[in-house]
Amino acid sequence: MEHDNRVIMASASDAEQTLRQHGRSFAWARRLLGRDAGHKAARLYQFCRLVDDLADDDTENHSADLLALRQTILDDIPHGHRLYSDISDLIAETDLPRPVLAALIDGLISDQDIVLVETSDALIRYSYHVAGTVGLLMCSVLGCRDNRAYAFAVDLGVAMQLTNIARDVLDDARMGRRYLPAEWVNNLTPEQIAAAADGHSQIDIERRGIVSAAIKRCLDLADTYYQSGEQGMAYLPIRAHLAIVVAGRVYRQIGVQLRAAHINWHEGRQVTNKATKLKISVCAIPRLWSRFHGTRRYLGWLKTTPVHHDIQLHKPLRGLPLIAPVRQ
């Protein structure tokens, strides 16, 4: 047992380093979680990073490799895939839902082919696969057992992915990917979007405007999901509540800065500095009051009034492994 603890701590240390290097917004919020939940969140992030890096490897198509990992997770095959050891212990410790992990990998498999998102519903479905699933997994990691939180966790993940897409339009276009729906950008190809970023012709200027309008639409959609995501945070443990509010608002700040810069997507990615993150963190503290707003007292305990989820937000997700909120 002592040896096992050393192995887990070493793994957690590696995970913390991965989080600091590649997930700065999440690393900032992770400080608020405490040691145990923070280590588990970092380990989940590390696994997501490993499979994401595998999917993003341009040297070859990794669909078969990712499918093997998916099957290994679903069937609990101890030596079925080299990356399974990075998540199997966490599954045992936190009861991570295997179908949700499989859905995450499905999203990464979809990135192995040419990516040309056609509709807004397809965009929401993709965002669920690669980020809404992570919201569900985080509920387990953070010790949230109230299933009313799950739908809101999906929404926060979707919102953050939409922000990510809005921020990375040019980088994605240069990799031959277009996540902005065809119906929003007049069917512009990734090559046309990348060319418009550097071009000076009238058509390039017009296309930059089309892409800017689509990015604004993406950010508007993200805001709808952010608003829903924040509503469900009162179901989280109190430290997790504050940490996830901070993480969400730090990420949402990318969209705020994009708007303030007139959505200058062709001039490079937006980043948030430490001063901005600190300001957001301080401003997030009063948000904790929401968990006591409208509470009722039962036998000396405070019980939060249920928050109803807008089921319209999940219409594009029908048929996917969602954990629905309890109906009151």
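Just one of the listed residues (D121, D113) is at pLDDT 95 or above and open to solvent by 40 Å² or more (accessible area, probe 1.4 Å), and it is D121.
Examine the range 42-60 for a residue that is at pLDDT 65 or above, over 27 Å from M175 (Cα atoms), under 22 Å from the mean Cα position of the chain (by Cα) and part of a helix (DSSP H, G or I), and state whether such a residue exists.
So in the range 42-60, the residues at pLDDT 65 or above come out as 42-60.
So of that shortlist, the ones also over 27 Å from M175 (Cα atoms) come out as 42-43.
So of that shortlist, the ones also under 22 Å from the mean Cα position of the chain (by Cα) come out as 42-43.
Then keep just the ones that are part of a helix (DSSP H, G or I); that gives 42-43.
The answer is yes, given that some residue of the range 42-60 is at pLDDT 65 or above, over 27 Å from M175 (Cα atoms), under 22 Å from the mean Cα position of the chain (by Cα) and part of a helix (DSSP H, G or I).
Are any residues in the range 246-271 open to solvent by 20 Å² or more (accessible area, probe 1.4 Å) and part of a loop (DSSP other than H, G, I, E, B), and if so, which ones?
Selection gives A261, H262, N264, G268, R269, Q270, V271.
Could you check, for the range 249-271, whether at least one of its residues is in contact with a Phe, Trp or Tyr (Cβ under 8 Å, 6 or more places away or on another chain), modelled with pLDDT of 85 or more and within 21 Å of A214 (Cα to Cα)? Checked the range 249-271: at least one residue is in contact with a Phe, Trp or Tyr (Cβ under 8 Å, 6 or more places away or on another chain), modelled with pLDDT of 85 or more and within 21 Å of A214 (Cα to Cα). The numbered conditions (1) over 22 Å from the mean Cα position of the chain (by Cα); (2) surrounded by 13 or more Cβ atoms within 10 Å (Cβ to Cβ) are all true for P78 except (2).
Looking only at the range 232-241, count how many residues are touching a helix residue (DSSP H, G or I) at 6+ places or on another chain (Cβ under 6 Å) and open to solvent by 10 Å² or more (accessible area, probe 1.4 Å).
Of the residues in the range 232-241, the ones touching a helix residue (DSSP H, G or I) at 6+ places or on another chain (Cβ under 6 Å) are 232-235, 241.
Pick out the ones that are also open to solvent by 10 Å² or more (accessible area, probe 1.4 Å) and you get 234-235.
Adding up the residues that qualify gives 2.
The requirement of being in contact with a Lys or Arg (Cβ under 7 Å, 6 or more places away or on another chain) and surrounded by fewer than 18 Cβ atoms within 10 Å (Cβ to Cβ) is fulfilled nowhere in the range 194-213; no residue meets it.
Out of curiosity, is A243 under 17 Å from the mean Cα position of the chain (by Cα), in a helix (DSSP H, G or I), more than 29 Å from A173 (Cβ to Cβ) and modelled with pLDDT under 90? Lay out the reasoning, then the answer.
Numbers: under 17 Å from the mean Cα position of the chain (by Cα): yes; in a helix (DSSP H, G or I): yes; more than 29 Å from A173 (Cβ to Cβ): yes; modelled with pLDDT under 90: yes.
Criteria met by A243.
The values are calculated or read from the model by the stated rules, or taken from the named source; none is laboratory data. What you see is a predicted model; the values in this text were computed from it and never measured. Note that each Cβ is placed from the backbone with ideal geometry, even for glycine, and that neighbours are counted across all protein chains shown. Each accessible area value is taken on the protein alone, full model and side chains, heavy atoms only, with ligands, DNA and RNA left out. Shrake-Rupley method; radii C 1.70, N 1.55, O 1.52, S 1.80 Å.
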